[in-house]
Amino acid sequence: MTTTAATGAADAFRLRAEQWLGRSVPERWKAERGALSEAEIDEIRLEWDRRLFRGGFAGISLPAEYGGQGLGLREEVAFHELAARAHAPEGFGRIGKILVAPALIADGTQAQRARYLPPILRGDHVWCQGFSEPGAGSDLASVSTVARAVPGGYLVRGQKVWTSFADKARKCLLLAKSDPEAPRYRNLTMFLVDMDQPGVTASPIRQISGASHFSEVFFENAFVAEEDRLGPEGEGWRVAMGVLNHERGAVEGVTRYVEMRGDLDRLIACCAGRAGTCSPVADFDTRLELVRWQISKTVAYQEDQARSAAAASVLKVTWSELWQEIAEYGLGAACPDHHAHWRNQYLETRATSIYSGSNEIQRNVIGDRILGLPR
């Protein structure tokens with residue numbers, strides 16, 4: 001496709017997506033979100049995943065032969081930016097579509113793809129990601145959850161934490177130690193675990209903001225069949241690195257960019273003048289547009305896994321720390337019209353430099369893969 005044709009196709013996609021979002025985002029969500037009960041919010045979010053599928057916007061960058069739209073990462077990023085600007089709800093299908101589906105395409109069997117991809121795209125199955133543990137967050141290779149081989153499969157025993165959607169999920173993409181005698185990085189295996197079985201307990205975690213976005217999950221000899229091992233035994237680290245590259249990448253970044261743009265616009269329009277004359281808002285504005293540039297860079301490197309992963313690490317550090325600074329400044333501005341908003345944002349953004357791989361770990365990646373610093 002020529003550059004002109006590609007630009008025209010991208011513009012047509014954006015127009016179609018913008019028009020669809022304009023008539024599809026629930027008015028009740030836009031007008032009454034703050035007054036909705038948790039059950040009502042869950043219902044809207046579940047329905048949104050199904051509405052995306054019916055509208056042709058599920059699996060935008062997944063190959064058509066696997067049920068996706070067969071478009072590119074640019075279109076995926078463009079849609080998420082437009083959806084965020086349209087104040088669309090976030091469905092519960094994010095982990096399934098953005099993390100699990102690419103892993104299934106890269107390492108799954110034909111049977112696994114046929115079984116799991118359609119309900120992921122339709123919004124019928126919610127997935128969670130069982131990676132972090134109390135003693136193994138950023139140091140993912142130190143997971144201690146064990147998958148012990150038994151006839152027909154494995155028995156999983158251990159604990160995961162900070163697990164998004166675990167209390168709603170039907171399946172879990174779980175990394176576990178399958179061979180305690182194997183060397184580090186070769187002792188892990190990835191599994192597709194049924195959450196709706198005896199031996200699996202999800203307990204929501206209440207955060208300092210009052211919200212509960214995560215859960216801790218306990219596995220007490222939960223069974224996972226041999227056919228639900230994702231990739232060869234001992235290859236879990238490699239599979240996990242592919243998953244994390246998607247988690248820290250452009251789709252997450254563009255959603256955060258739009259949220260931060262809304263916060264910064266609020267500062268510029270109302271709150272910044274209350275905090276004195278030495279305002280850093282202009283600097284925030286410049287740095288926020290650099291986040292957008294880094295998103296474009298991550299997309300441009302999508303065919304080069306090493307460069308893409310490094311760019312994603314830079315992106316994650318950049319947006320997470322900037323958002324913390326914006327929220328802290330907003331809270332200090334003491335604007336009575338937006339005090340509740342800034343209090344919530346300040347508390348919520350304390351975690352941005354920790355989740356999706358702590359910023360300390362991301363700096364190690366940057367030093368190793370971009371700067372070439374000695375270990």
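The values are calculated or read from the model by the stated rules, or taken from the named source; none is laboratory data. The shown structure was predicted, so the numbers you read here are calculated from the model rather than taken from an experiment. Note that each Cβ is placed from the backbone with ideal geometry, even for glycine, and that neighbours are counted across all protein chains shown.
Key figures
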{"read-out": "Lone qualifier among Pro118, Pro89, Pro102 - being within 21 Å of the chain's Cα centre (by Cα) and either of a type in the set (Gly, Ala, Ser) or modelled with pLDDT of 95 or more (or both)", "value": "Pro118"}
{"read-out": "Cβ pairs under 9 Å, 6+ apart, first in the range 160-172 and closer than 7 Å to Cys128 by Cβ and without any contact (Cβ under 8 Å) to a residue 12 or more places away in the chain, second among the small types (Gly, Ala, Ser) and surrounded by fewer than 20 Cβ atoms within 10 Å (Cβ to Cβ)", "value": "none"}
{"read-out": "Qualifying residue in the range 334-354 (condition: within 30 Å of Ser212 (Cβ to Cβ), touching a residue at least 60 places away in the same chain (Cβ under 8 Å) and either aromatic (Phe, Trp, Tyr) or touching an Asp or Glu at 6+ places or on another chain (Cβ under 7 Å) (or both))", "value": "yes"}
{"read-out": "When residues of the range 157-207 are limited to those that are polar (S, T, N, Q) and out of contact with any helix residue (DSSP H, G or I) (no Cβ under 8 Å at 6 or more places or on another chain), the one farthest from Pro232 (Cα to Cα)", "value": "Ser203"}
{"read-out": "Test: Leu322 is within 22 Å of His213 (Cα to Cα) and either in contact with a His (Cβ under 6 Å, 6 or more places away or on another chain) or of a type in the set (A, V, I, L, M, F, W, C) (or both)", "value": "yes"}
{"read-out": "Some residue of the range 178-195 being of a type in the set (A, V, I, L, M, F, W, C), at pLDDT 90 or above and over 21 Å from Asp107 (Cβ atoms)", "value": "no"}
{"read-out": "Per-region count, the range 21-46, residues under 20 Å from the mean Cα position of the chain (by Cα), under 28 Å from Leu104 (Cα atoms) and either without any contact (Cβ under 8 Å) to a residue 60 or more places away in the chain or surrounded by fewer than 13 Cβ atoms within 10 Å (Cβ to Cβ) (or both)", "value": "2"}
{"read-out": "Residue list for the range 183-206, restricted to those being within 17 Å of Asp139 (Cβ to Cβ) and either of a type in the set (Lys, Arg) or not in a strand (DSSP E or B) (or both)", "value": "Pro183, Arg184, Tyr185, Arg186, Asn187"}
{"read-out": "Output for the range 240-259, where each listed residue is buried (at least 22 other Cβ atoms within 10 Å of the Cβ) and either of a type in the set (Ser, Thr, Tyr) or more than 16 Å from the chain's Cα centre (by Cα) (or both)", "value": "Tyr257"}
{"read-out": "Residue within the range 35-58 that is in contact with a strand residue (DSSP E or B) (Cβ under 7 Å, 6 or more places away or on another chain) and in a helix (DSSP H, G or I) present", "value": "no"}
{"read-out": "Residues located in the range 216-230, provided they are touching a Ser or Thr at 6+ places or on another chain (Cβ under 9 Å) and either within 19 Å of Lys160 (Cα to Cα) or not assigned by TED's automatic domain parsing to the domain that holds Val156 (or both)", "value": "Glu216, Val217, Phe218, Phe219, Glu220, Arg229, Leu230"}
